[in-house]
Amino acid sequence: MRITQSEDGWFCGLVDGPCPTDQWLVHVEDPGHGAINTFYGVVRNHNEGQAAASVDYDVHEGLALKSLAALCTEIVASLPVRLYVIHSCGMVAVGEASVVIAASSAHRAEAFEATRRCIDQLKIRVPIWKREIAPDQSDRWLDGHTIRVD
Amino acid sequence: MQIRVMALGVFRTVAAEFVVDIRDNACVRDVREALESRLSVESSGMLDTLARSAFAQDDMVLKDSDPLIEVDCLSILPPVAGG
């Protein structure tokens, strides 16, 4: 896993293949936090009316890590949370996790908000692209959100 | 001068990388226009995606007006779709 983390309470990373779902707790547990919220983005077997078997994630790794770190920094600066986010690179099959987010806070509202903000912003800011592969092995690249800055 | 543009996402269906010839002291917009000319011949269906794509040098997303000084390689970043 390629990671970036901060003493401010966030951890982000990129992993080859499906995301492990058993590694987030150590990064968000805090004796002062009474709420932990998790989000797993999981590859589903259909999209836009078409069957899917897997997704191949193409990633600009340097820029993606930088974008994830900026996103975590923003969230932790505005909400009293600890935050963990990892995303897959490469092939992820139906039922496997491609993104795992965990947020902890003293009370539940901030953990919910941090998790939602993290996945919503990740989808429109982080340079990651999906090539969806059908059961017959045909494929297509999915459209997304521009990150042009002008 | 020559600039290599590394393809990412859907641009990989066209080429692993593009090499474009542009004038000295060019800016990112010149690379975009050179790619536009090439894609209009080879893969016109990609022109809309090109218009919505960004360019990056290493880990920095550039503006079209940014000058290319001592730059020989960029990445083209089509609209993103993580998660």
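According to the square roots a ≥ b ≥ c of the eigenvalues of the Cα gyration tensor, what is the shape class of chain B, taking rounded for a/c under 1.5, prolate for a/b larger than b/c otherwise, and oblate for the remainder?
Cα axes put chain B in the oblate bin.
Report, in degrees rounded to the nearest 10, the 0 to 90 angle that the Cα long axis of helix A:108-125 makes with the longest principal axis of chain A.
It works out to around 40 degrees.
Given R₀ = 25 Å, FRET efficiency for residue B:33-residue A:56 by Cβ-Cβ distance, to 0.05?
Efficiency, from the Cβ-Cβ distance: 0.25.
In deg cm²/dmol, rounded to 500, what helix-only [θ] at 222 nm does chain A give when every DSSP H run of at least 4 residues adds -39500 (n - 2.57) and the total is split over its residues?
Per the formula, -8500 deg cm²/dmol.
Using only the Cα atoms of the protein assembly as shown, build the gyration tensor, take square roots of its eigenvalues as a ≥ b ≥ c, and label the shape rounded, prolate or oblate: rounded if a/c is under 1.5, else prolate if a/b is larger than b/c, else oblate.
oblate
To the nearest 20 debye, what is the magnitude of the charge dipole of the protein assembly as shown about its Cα centre, counting +1 on the Cβ of each Lys and Arg and -1 on the Cβ of each Asp and Glu?
440
Could you give the distance between the Cα centres of segment B:12-54 and segment A:16-72, to the whole Å?
Cα centroid of segment B:12-54 versus Cα centroid of segment A:16-72: 32 Å apart.
Which of the GluC sites (Glu not before Pro) found in chain B are loop residues per DSSP with 11 or fewer other Cβ atoms within 10 Å of their Cβ?
B:70
Rounded if a/c is under 1.5, else prolate if a/b beats b/c, else oblate: with a ≥ b ≥ c from the C-alpha gyration tensor eigenvalues square-rooted, which is segment A:1-134?
prolate
If you keep only loop residues by DSSP, which trypsin sites (Lys or Arg not before Pro) in segment A:34-93 have at most 14 other Cβ atoms within 10 Å of their Cβ?
Sites meeting the loop and neighbour criteria: A:44.
Read-outs: derived from the displayed coordinates by stated rules, not from any lab. No experiment lies behind these values; they were computed from the predicted model shown. Don't worry about glycine lacking a Cβ; one is built from the backbone with ideal geometry, like all the others, and counts go over all protein chains shown.
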